[in-house]
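Q: Pasting a structure here, questions to come.
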There are 4 protein chains.
Amino acid sequence: MYRYLKRRTFEIVETTGTDSLGSRIFDSIILSLIFFNILALVLETVDEVRIEFSGLFSGFEQTSLTVFTIEYLLRLWCCTTSPHYRHPVWGRLRWMVTPLAIVDLIAVLPFYLAIALGLPARSLITLRAFRFFRVFKAGRYFESLHSILRVFYRKREALYISLMTVLILLLIASSLMYLIEHNAQPEAFGSIPATLWWGISTLTTVSYGDVYPITPLGRFLGGIVSILGIGLFALPTSILASGFTEEFELEHESQDAICPHCGKNIHTPADRTSAE
Amino acid sequence: MYRYLKRRTFEIVETTGTDSLGSRIFDSIILSLIFFNILALVLETVDEVRIEFSGLFSGFEQTSLTVFTIEYLLRLWCCTTSPHYRHPVWGRLRWMVTPLAIVDLIAVLPFYLAIALGLPARSLITLRAFRFFRVFKAGRYFESLHSILRVFYRKREALYISLMTVLILLLIASSLMYLIEHNAQPEAFGSIPATLWWGISTLTTVSYGDVYPITPLGRFLGGIVSILGIGLFALPTSILASGFTEEFELEHESQDAICPHCGKNIHTPADRTSAE
Amino acid sequence: MYRYLKRRTFEIVETTGTDSLGSRIFDSIILSLIFFNILALVLETVDEVRIEFSGLFSGFEQTSLTVFTIEYLLRLWCCTTSPHYRHPVWGRLRWMVTPLAIVDLIAVLPFYLAIALGLPARSLITLRAFRFFRVFKAGRYFESLHSILRVFYRKREALYISLMTVLILLLIASSLMYLIEHNAQPEAFGSIPATLWWGISTLTTVSYGDVYPITPLGRFLGGIVSILGIGLFALPTSILASGFTEEFELEHESQDAICPHCGKNIHTPADRTSAE
Amino acid sequence: MYRYLKRRTFEIVETTGTDSLGSRIFDSIILSLIFFNILALVLETVDEVRIEFSGLFSGFEQTSLTVFTIEYLLRLWCCTTSPHYRHPVWGRLRWMVTPLAIVDLIAVLPFYLAIALGLPARSLITLRAFRFFRVFKAGRYFESLHSILRVFYRKREALYISLMTVLILLLIASSLMYLIEHNAQPEAFGSIPATLWWGISTLTTVSYGDVYPITPLGRFLGGIVSILGIGLFALPTSILASGFTEEFELEHESQDAICPHCGKNIHTPADRTSAE
């Protein structure tokens, strides 16, 4: 009976995107709750709404904290059903350090800490947004998400080099711009840390227009930095693009390499197969 | 006679890009009418033009509504010529829910509703711009358009994950920025919904310069969001790029995929060849 | 003698990037002249420079016009040396309509027209910048340039569809924004043509910050348009990326398909070769 | 003894990312020193920090100059251990002109020159940021960095053509914009060199919002330039993307390129295999 209950709970709270009606309803409730939590947080910052519905927000928040806490404990209790986390103690600890379990814990723990310490923790509700990623556990998205993560992982060195190059360029460009524009605009380019704000907004082509060079030399440097900013977009984009193409090719190759007519792998040399 | 007339009408109003002179003239008239409809709408908003040519615009609009209505009814009438929509009732209903037929209906229906309800519907003319996509039905573009749509369809999960990640990042960044800048700039960063405007314009590197952080911490967060904005461009671009490359390779492969062991095309089903 | 002179002239003025010393010197002179022409035009617009060196600019311009005219006539005279343009009349006419010859003509003709009509034609000097493309006729760049042009040509339908989609989106977004913001900002969003300026600067993420929505609904639409703007970058980039990858693969395939050991094409089925 | 000391020094100062503890500690010290040098330079420009810690900065700078000088001399002394630079004189000279050795020299030489000439050389510290690239000598990053550089090298002509096209477009767009906007905004568009600032910030979509066209014709040209700006991003990105894909394919191919007819690797030269 206890066993059955645990397996049934596991089916409902853990598995996602299955045909089980209970699991689907549970998922919908949790996702709706996350959505309304965030919506509440967002709307609460609008003065008119906060004054009008003050009590409602507070009550909703306490309710959802309770629901998330119960949900987390249920997950923790029944995770031993999975063969990966079978051990009552070590299995549960290992489950606790999986990324999704950490995200679930972050959705509740800070609020208890805040209550204990008497601090306002309302703004931490944003962290619950991460729980939305749970939706990608469903079959259809699971493979795509893993594929994206594999590409990032496989290209991590090239992406890291891109990032480092950008940071070094940013530093050099900002130092030079500081030297050039410092005298002409002492407020906007008052120090190198302040000039970094110009540098990053130019390199990423964001540029709000609050700081910009006005001297001819400063504009010349600004133009060069703008063009280098294109490289900042081109490098990671092209690295990732080739990563995705490779991902497809490696997968495609291992899949389709069998000739459906003779059942042999088309990548093994013809003489090796004829020798059989 | 009735049959011949229907097939002839079908040839003129439905098929695009054929050698039939009637079909070509008809297409040109409809496309010109759409173009001038939109041009009229655009010019009508310029005060000097509206005052001068007021009557002309009104007359042109009524004429084109009549033409589009007749055209829609003709299409509806003769669509049963196509084997796909042969049934007089269900065939026509199925035709009505095809994307191009819906676009054609949108080009006329709202105006009758507006007249019936006594509302001004002039601005809905913009919706007619969608009818321009009809031009891509012509042979040359048809394959390219389908190829683009296939890539979007094949990559829909990865693109959806990209979009969700962006929205979650946007929400978290805007909430944090609200906390940081709220006290320094209560007007610009008055609430999280208001801060979302900053968030989206920074992540997409649009940034008009109407709202931007001024505190050091806010600028630090702004810099990080700007750099993440690059990822926002890099991710969909690289996903689509690999999608287009795959599209080409799959097509290319099916052209000359001969197994070197048995000499048969590996893409034709095994049972079909064994039946030979 | 005349023949020899013509062939010699042809070698000097037409062929680029060869080992011939005469040809190299000639190319350097012409390219330098183009460069200094453009530099002169640019500097002439700076008031202090124009007042100081007024006579110099005028003299330099007349000299270079003479040089370019003589050069064009020399090219026209000796182009019949090439087998493609052998016929004294038709060959020369066919040479005149090649892209590079048109660019050369544009570098001189407007100035004579301007002198004849008594108009100032100085600003047309910019058109001479196109002549810089001549530098890519040299061997090393020739293949790359052709490769880029081939990719654009092969993907022309997909790129055209991208452009049309952007223009239709731009029109619809601007019309909607006009309706939304017109009453709030009658100056900036005074008419749809004026709103197109907002639309294009948002879709391309340029956005100077001179016009932007201020109403909540306008900002919501602005956010959506900003995100669609990402697609505007992603679509042509990914189409071109797959185009360049295809270019490489098609070339690579036709090149390397011969096994250096047995001299057979590795793409022809093994049994076909064993039957020989 | 002298030999042993030299080889030991070489192991510590030259090799990177090995298991040798001495080498690791040395690398960490040098990288930390570079990091703090740059941090000091950046913080020194903040007025409050400079006044407070004036002596500290000066002392730290002199210390690190001494350390870097000793390190450079050590490297120069022991580089003859490597078989590439074995000769006591020519080997050392050849080592001095390697990119990393030049970067190391730039980190110290200008400061001695500045002291000799009595000039302030503090801002040159930024140049030390380049020394961070040393971190990529470590095994994991080495292959990725080389791969990126190979792609840039293989695509150098196509990238150069992209850059030239951009510069020519920039010049033509700015000249036209100068003609159009000069009368309406004589301050912002006062000369072509000044208008180039508008041109580059629009083409790269940076656009601070300090200069923008206000005439209808100027806005029309601005819109076209904005759309061309997309091409400026698309072209290098797609060229690099195909470059990275090629890189992967060439590498992948050399791994399992067996001819199905004779079973030999198609990438080993034919004469080498026939000699077997």
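The values are calculated or read from the model by the stated rules, or taken from the named source; none is laboratory data. The structure displayed is predicted, hence computed values, not measured ones. Using ideal geometry, Cβ is built from the backbone for each residue, glycine included, and neighbour counts are taken over all protein chains shown.
Q: Just the residues that are hydroxyl-bearing (Ser, Thr, Tyr) and surrounded by 14 or more Cβ atoms within 10 Å (Cβ to Cβ), please, taken from the range C:21-48.
A: Taking the range C:21-48 first, the residues hydroxyl-bearing (Ser, Thr, Tyr) are C:23, C:28, C:32, C:45.
Answer for the range C:21-48, where residues must be hydroxyl-bearing (Ser, Thr, Tyr) and surrounded by 14 or more Cβ atoms within 10 Å (Cβ to Cβ): C:SER23, C:THR45.
Q: Which condition number does A:ILE51 fail, the rest of (1) surrounded by 12 or more Cβ atoms within 10 Å (Cβ to Cβ); (2) closer than 21 Å to B:SER175 by Cβ; (3) among the β-branched types (Val, Ile, Thr) being met?
A: Going through the list (1) surrounded by 12 or more Cβ atoms within 10 Å (Cβ to Cβ); (2) closer than 21 Å to B:SER175 by Cβ; (3) among the β-branched types (Val, Ile, Thr), A:ILE51 breaks only (1).
So that you can scan it fast, the table gives a plain yes or no per residue for (1) farther than 17 Å from A:PRO193 by Cα; (2) among the hydroxyl-bearing types (Ser, Thr, Tyr):
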residue: D:LEU21; (1), (2): yes, no
residue: D:ILE30; (1), (2): yes, no
residue: D:ILE34; (1), (2): yes, no
residue: D:LEU41; (1), (2): no, no
residue: D:THR45; (1), (2): no, yes
residue: D:ARG50; (1), (2): no, no
residue: D:GLY55; (1), (2): yes, no
residue: D:VAL67; (1), (2): yes, no
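Q: Next question, about the same structure. How many residues does the range C:209-231 contain that are surrounded by 23 or more Cβ atoms within 10 Å (Cβ to Cβ), at pLDDT below 90 and more than 8 Å from chain B (Cβ to nearest Cβ)?
A: Residues flagged as surrounded by 23 or more Cβ atoms within 10 Å (Cβ to Cβ), at pLDDT below 90 and more than 8 Å from chain B (Cβ to nearest Cβ) within the range C:209-231 amount to 0.
Q: How many of the residues making up the range B:78-118 are within 24 Å of the chain's Cα centre (by Cα), exposed (fewer than 11 other Cβ atoms within 10 Å of the Cβ) and not in a helix (DSSP H, G or I)?
A: 1
Q: How about the range C:159-169: which of its residues are aliphatic (A, V, I, L, M) and modelled with pLDDT under 90?
A: Step one: list which residues in the range C:159-169 are aliphatic (A, V, I, L, M), which gives C:159, C:161, C:163-164, C:166-169.
If the condition is that a residue be aliphatic (A, V, I, L, M) and modelled with pLDDT under 90, then C:ILE161, C:LEU163, C:MET164, C:VAL166, C:LEU167, C:ILE168, C:LEU169 are the ones that fit.
Q: Just one of (1) touching a residue at least 12 places away in the same chain (Cβ under 8 Å); (2) touching a Ser or Thr at 6+ places or on another chain (Cβ under 6 Å); (3) surrounded by 21 or more Cβ atoms within 10 Å (Cβ to Cβ) trips up C:VAL206, so point out which.
A: (1)
Q: Among the candidates C:GLU187, C:GLU249, which residue alone is of a type in the set (D, E, K, R) and either facing chain B (nearest Cβ under 9 Å) or in contact with a His (Cβ under 6 Å, 6 or more places away or on another chain) (or both)?
A: Values: C:GLU187 fails: either facing chain B (nearest Cβ under 9 Å) or in contact with a His (Cβ under 6 Å, 6 or more places away or on another chain) (or both).
The match here is C:GLU249.
Q: Where the second residue is surrounded by fewer than 15 Cβ atoms within 10 Å (Cβ to Cβ) and not in a helix (DSSP H, G or I) and the first is at the interface with chain D (Cβ under 9 Å from one of its Cβ atoms) and of a type in the set (Lys, Arg) and lies in the range A:149-177, which pairs have Cβ atoms under 7 Å and are six or more apart or on separate chains?
A: From residues that are at the interface with chain D (Cβ under 9 Å from one of its Cβ atoms) and of a type in the set (Lys, Arg), there are no pairs.
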